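Asks: Before anything else, here's the structure in question.
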Amino acid sequence: MTTFKEALKRMQSLFHKREQDVELDAEMESHLEFAVEENVRAGMTPEEARRKAMVRFGGVQQARERQREARGLPWLEILMQDLKFTFRTLRRDRAFAAIAILILGLGIGANIAVFSVVDTVLLRPLPFPDSGQLVRIVTKDPKAGESSKTYTADATEEFQQRNHSFEDVTGYFAFSSAENLKMVSTGQPLPVTGLMVMGNFFHTLGVKPVLGRLFTPEETLKNSRAVTLLSYAFWKRHFGGDPAIVGQAINFSGTPTTVIGVLPETFDFGGVFSPGSKVDIFTPVVMDDIRNEGNTLALAGRLKPGITVAQAQAEADLLFPQLDFIVTRPAYKPNYNARISTLKDYVTGRLRRSLIVLWCAVGVILLIVCVNLCNLLLARAAARSKEFALRSALGAGSMRLLRQLLTEAMVLAGAGAALGLAIAYALTAWLASQGAIALPLLSSIHVDRTALLWTVGIALLTAILFGLTPAWKISHDHLVDALKDSGQGSSAGRSHERMRSMLVISEVALACVLLVGAGLLLRSFLRVLDVDLGFEPSRAASIQVDIDDHDNADTRSALWQDLLHRVQAIPGVQTAGLSDNLPLSRNRSWGISAKGKTYQKGELQGTFVYIISPGYLKSIGMRLMKGRDFTWDDGPKSQPVVIINQTVAQRLWPGQDAVGQISNVNGHDTLVVGVIADVKESDLEANGGWEMYLPGTQNYPDGANLVMRTTLPPDALASAVMGTLRQINPAQPATEFRMIQQLVDHAVSPRRFFVVLVSVFAVLGLVLAALGIYGVISYSVTQKTQEIGIRMALGATQGRVQIDVLTRTLRMVLVGAAVGVVVSLGISRLIATLLFGTSANDPATFAGMMLVLGAVAFIAGYIPARRASQIDPSIALRNN
């Protein structure tokens, strides 16, 4: 066992190698001369004496290496030698190094970025203390509208008091719209998104402000002082991070509101509870103000220590059906139930399979990268066979060569990992800024310490995967033959060629799997985009308007008519209408039934409700199937009217004409005056639900969105429309126009996100496979230049040569594609739940992807085939 003094002596010897090498050479020469003298005295000639001495000595170089290892730290010294030699060889072959590092950077960077997404969304706990104890409480019906997923103030308070499983139950007002407030200071009013939360909301989540304090119980009482908490981003954006803002009063929509605190930067309400949305300020919900508004509170809770989700679910199953009786408003018959799930599962559960598929796809890319690098290293190693043979002849053993080649692989992998890390940083920063993508926790995606450890692991694994095979092959080849063989058609060369062909086949198979998976997802995405929305988003735009009608129907009717008359007079505006909600955005549901009919429990469903003006249906492009649109004559004193969709008409009056029937809406007899085609109100991939439309002149809308169908881009109308709105209300906030198409884009953004990434990976895999095919065929052509020259000298035509080269190319592609199709048939079943309107074994997708793969492979093989056909026989034979 090496003592400390010996280890220290060896360490010191590393810094005096030159002097010690001189001493070692002198000592070895002295020993050699002494042996020669002894042999001469024994009667040998001087030449024979030196030869015998050298044989007995065992080789000068080998002896020198043994002495060096004995006096120093051999592993460190060998590593430094290998690193120096690696950097020297890579510097000589800059093109190879650049290509290898670029390919590795792309593959490793994609893996780090996707791992950061998977880690943030699936693996990492939510950014709350003891987040495993946090749960979400919603209805058991996954297709229910927001009103059916929420609860009344009375039911919430009753459940808070009667349950024994929760430390606390909290919630927030689920029907706040974007930019629902305006901040009035100096200049133009600014739109602000505010959210009402229960007083214990942040206490329950465990969120502590960075400045100020949280709400007190007194601030949640009726007629209490108006207070607010600012989100960190809003505080930075509008107040420059000024801590003095705490304690100041700000005018929000005419109400002086005192800022009591600023929430931490890590708290992102939209990222957890409403992906794709942002909230600027939080105010306490006053339960007495919403007590008669029906189901409005979305609930969450924190379990007591030791209580499981199953135990909480069992208690909820007993308690929630008992809460029906406390609903004070007769029109609401909630039929309460609850599904308890961890907040983490509720936020990310639906994305789990998609993210796993994405992770697997990027793993396949890494495999293709490794196969490609393995191929490149095999070709490079074959070109360096004489170098390795010479080193072997000079005493380097197979393990020494193996270490050298693995060191080169490690250096390349390290450089590729560094580049990949830079790519991943850029990708995750871009993803975190994409607020339009409705993915949970998106803003918190970043490359953290876990991702850095993942990077190290990926780099080591990659180096082993692409470096071990070429290193083992070279270190175990018959290297002495390379010194004897001056030609290019040796058995070792053919062995390399066979191995490289097998690697290309595996590349093609992996690329085939990626292409088929991406093709199925892309076809599904196109099917989603092709669904009948029930409205026409193209050329329709909306803007949120601020109209104070004092909750008076007559005033509202006059203001709405005046507004629409002025807007429709603007050049470029074809039609205009108003609605408090828009499809594929927030939603609420009320009850509707046929008058005089009795229904079984659960037979009626919550119905999405929109309060609109005349002209709205036409402006947004909805199709009126029967009856009429609303008119301004449908006023507060006339017969209450409603327009329903086809699903409601068929369910309430099957086999009858629904127009002219009397329905019961919120306890009022309401005449059905029209039936429209079903509209995708919340999910493009779900069947149409129950919908009804009520006139704003007879009901109380929750805000107003102006919808216009125009022949001009929204930017061209912005100033004219804003000027018109400010003529009616000078305090109109500077709200931006948005195309209705943006609502559709937002709804499909998660699927688009996954499809785009998988498609990019598939294209990258296809390009890498094409490079692999090109490299193998091109190398083969170079190796067989003499053979091709002889064949052409004997009469082979250029076309024949091209066909032979392409035949070999297509043979590899067909074998790889066959393997890939078999694997894809199995993989496609695993992603079947992610498909929409597309079979997992869709023949069109499989055939289309095979054609793409075949075409790219043909191009990759044709380039070297054409080069082979242009070889001059005389030059090829002369160069031999």
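Asks: Among the residues of the stretch 168-192, which ones are outside any loop (DSSP other than H, G, I, E, B) and either of a type outside the set (D, E, K, R) or surrounded by fewer than 20 Cβ atoms within 10 Å (Cβ to Cβ) (or both)?
Replies: Answer for the stretch 168-192, where residues must be outside any loop (DSSP other than H, G, I, E, B) and either of a type outside the set (D, E, K, R) or surrounded by fewer than 20 Cβ atoms within 10 Å (Cβ to Cβ) (or both): D168, V169, T170, G171, Y172, F173, L181, M183, V184, L190, P191, V192.
Asks: Can I ask one more? Please count how many residues of the stretch 590-620 are at positive phi and in contact with a strand residue (DSSP E or B) (Cβ under 6 Å, 6 or more places away or on another chain).
Replies: Of the residues in that region, 1 qualify.
Asks: Is it the case, given these coordinates, that L671 is over 25 Å from the mean Cα position of the chain (by Cα), assigned to a helix (DSSP H, G or I) and not small (G, A, S)?
Replies: So L671 fails the test.
Asks: Let me ask something else about it. Just need a number here: residues in the stretch 279-328 that are farther than 14 Å from E158 by Cα, in a loop (DSSP other than H, G, I, E, B) and open to solvent by 30 Å² or more (accessible area, probe 1.4 Å).
Replies: The number of residues fulfilling the criteria is 7.
Asks: If I filter the stretch 589-612 for residues that are in a loop (DSSP other than H, G, I, E, B), touching a Phe, Trp or Tyr at 6+ places or on another chain (Cβ under 6 Å) and crowded, with 16+ Cβ neighbours inside 10 Å, do I get at least one hit?
Replies: Yes.
Asks: Within the stretch 621-648, can you find the residues that are surrounded by 18 or more Cβ atoms within 10 Å (Cβ to Cβ), of a type outside the set (D, E) and in contact with a helix residue (DSSP H, G or I) (Cβ under 9 Å, 6 or more places away or on another chain)?
Replies: G621, M622, F630, I643, I644 - these are the residues of the stretch 621-648 that are surrounded by 18 or more Cβ atoms within 10 Å (Cβ to Cβ), of a type outside the set (D, E) and in contact with a helix residue (DSSP H, G or I) (Cβ under 9 Å, 6 or more places away or on another chain).
Asks: Something else now. Of a type outside the set (V, I, T) and assigned to a helix (DSSP H, G or I) - does that describe any residue in the stretch 731-739?
Replies: No, the conditions are met nowhere in the stretch 731-739.
Asks: Separate question: Is it the case that the stretch 767-787 has a residue that's open to solvent by 40 Å² or more (accessible area, probe 1.4 Å) and in contact with a Pro (Cβ under 7 Å, 6 or more places away or on another chain)?
Replies: yes
Asks: Sticking with this one: Go through A855, A868, A796 for me and flag whichever is among the aliphatic types (A, V, I, L, M) and surrounded by 19 or more Cβ atoms within 10 Å (Cβ to Cβ).
Replies: A868
Asks: May I ask you to verify whether Y336 is at pLDDT below 90, of a type outside the set (A, V, I, L, M, F, W, C) and under 16 Å from R136 (Cβ atoms)?
Replies: The answer is yes for Y336.
Asks: Report the residue count in the stretch 819-837 for those that are touching a helix residue (DSSP H, G or I) at 6+ places or on another chain (Cβ under 8 Å) and either open to solvent by 20 Å² or more (accessible area, probe 1.4 Å) or under 14 Å from S501 (Cα atoms) (or both).
Replies: 10
Asks: Next question. Any residue at all in the stretch 421-442 that is buried (at least 19 other Cβ atoms within 10 Å of the Cβ), modelled with pLDDT under 85 and over 30 Å from A178 (Cα atoms)?
Replies: No: zero hits.
Asks: Additional query: Does the stretch 521-539 contain at least one residue that is in a helix (DSSP H, G or I), open to solvent by less than 10 Å² (accessible area, probe 1.4 Å) and of a type in the set (D, E, K, R)?
Replies: No: zero hits.
Asks: Are any of the residues in the stretch 742-762 more than 30 Å from T193 (Cα to Cα), open to solvent by 50 Å² or more (accessible area, probe 1.4 Å), assigned to a helix (DSSP H, G or I) and out of contact with any helix residue (DSSP H, G or I) (no Cβ under 6 Å at 6 or more places or on another chain)?
Replies: Checked against the condition, which is being more than 30 Å from T193 (Cα to Cα), open to solvent by 50 Å² or more (accessible area, probe 1.4 Å), assigned to a helix (DSSP H, G or I) and out of contact with any helix residue (DSSP H, G or I) (no Cβ under 6 Å at 6 or more places or on another chain), the stretch 742-762 yields at least one hit.
Asks: Which members of the stretch 584-611 meet the condition of being modelled with pLDDT of 85 or more and aromatic (F, W, Y)?
Replies: F608, Y610
Asks: Please give the number of the condition W690 fails out of (1) within 31 Å of the chain's Cα centre (by Cα); (2) at pLDDT 85 or above; (3) outside the structural domain of C370 (by TED's automatic domain parsing).
Replies: (1)
Asks: Inside the stretch 673-697, can you point out the residues that are open to solvent by less than 40 Å² (accessible area, probe 1.4 Å) and either in contact with a Ser or Thr (Cβ under 6 Å, 6 or more places away or on another chain) or of a type in the set (D, E) (or both)?
Replies: E681, G688, W690, E691, M692, G696, T697
Asks: Here is a further query. Can T575 be described as touching a residue at least 12 places away in the same chain (Cβ under 8 Å), in contact with a Gly (Cβ under 6 Å, 6 or more places away or on another chain) and surrounded by fewer than 20 Cβ atoms within 10 Å (Cβ to Cβ)?
Replies: So T575 passes the test.
Asks: Would you pick out the residues in the stretch 182-200 that are more than 11 Å from T735 (Cα to Cα) and either in the same structural domain as S585 (by TED's automatic domain parsing) or in contact with a Pro (Cβ under 8 Å, 6 or more places away or on another chain) (or both)?
Replies: Selection gives M183, M196, V197, M198, G199.
Asks: Report yes if some residue within the stretch 223-245 is assigned to a loop (DSSP other than H, G, I, E, B), buried (at least 20 other Cβ atoms within 10 Å of the Cβ) and under 35 Å from the mean Cα position of the chain (by Cα); otherwise report no.
Replies: Looking for residues that are assigned to a loop (DSSP other than H, G, I, E, B), buried (at least 20 other Cβ atoms within 10 Å of the Cβ) and under 35 Å from the mean Cα position of the chain (by Cα), one finds at least one in the stretch 223-245, hence yes.
Asks: Which of the residues that make up the stretch 213-253 are more than 20 Å from I290 (Cα to Cα) and in contact (Cβ under 8 Å) with a residue 40 or more places away in the chain?
Replies: R213, L214, L229, L230, S231, A233, F234, H238, I250, N251
Asks: Can you tell me which residues in the stretch 525-567 are of a type in the set (A, V, I, L, M, F, W, C) and more than 30 Å from F836 (Cβ to Cβ)?
Replies: Result: I543, V545, I547, A553, A558, L559, W560, L563, L564, V567.
Asks: Which residues, taken from the stretch 510-520, are in contact with a Leu (Cβ under 8 Å, 6 or more places away or on another chain) and either of a type outside the set (G, A, S) or surrounded by fewer than 24 Cβ atoms within 10 Å (Cβ to Cβ) (or both)?
Replies: L510, C512, L514, L515, L520 - these are the residues of the stretch 510-520 that are in contact with a Leu (Cβ under 8 Å, 6 or more places away or on another chain) and either of a type outside the set (G, A, S) or surrounded by fewer than 24 Cβ atoms within 10 Å (Cβ to Cβ) (or both).
Asks: Separate question: Would you point out the residue of the stretch 698-715, among those that are open to solvent by less than 70 Å² (accessible area, probe 1.4 Å) and not in a loop (DSSP other than H, G, I, E, B), that is farthest from S613 (Cα to Cα)?
Replies: Looking at the filtered set, the residue picked out is P714.
The values are calculated or read from the model by the stated rules, or taken from the named source; none is laboratory data. Bear in mind that the values here come from a model prediction, so they are computed numbers and not experimental data. Methodologically, a virtual Cβ is constructed for each residue, glycine included, from the backbone with ideal geometry; neighbour enumeration extends over all protein chains shown. We work out accessible area using only protein heavy atoms, side chains counted, and drop any ligands, DNA or RNA first. Shrake-Rupley method; radii C 1.70, N 1.55, O 1.52, S 1.80 Å.
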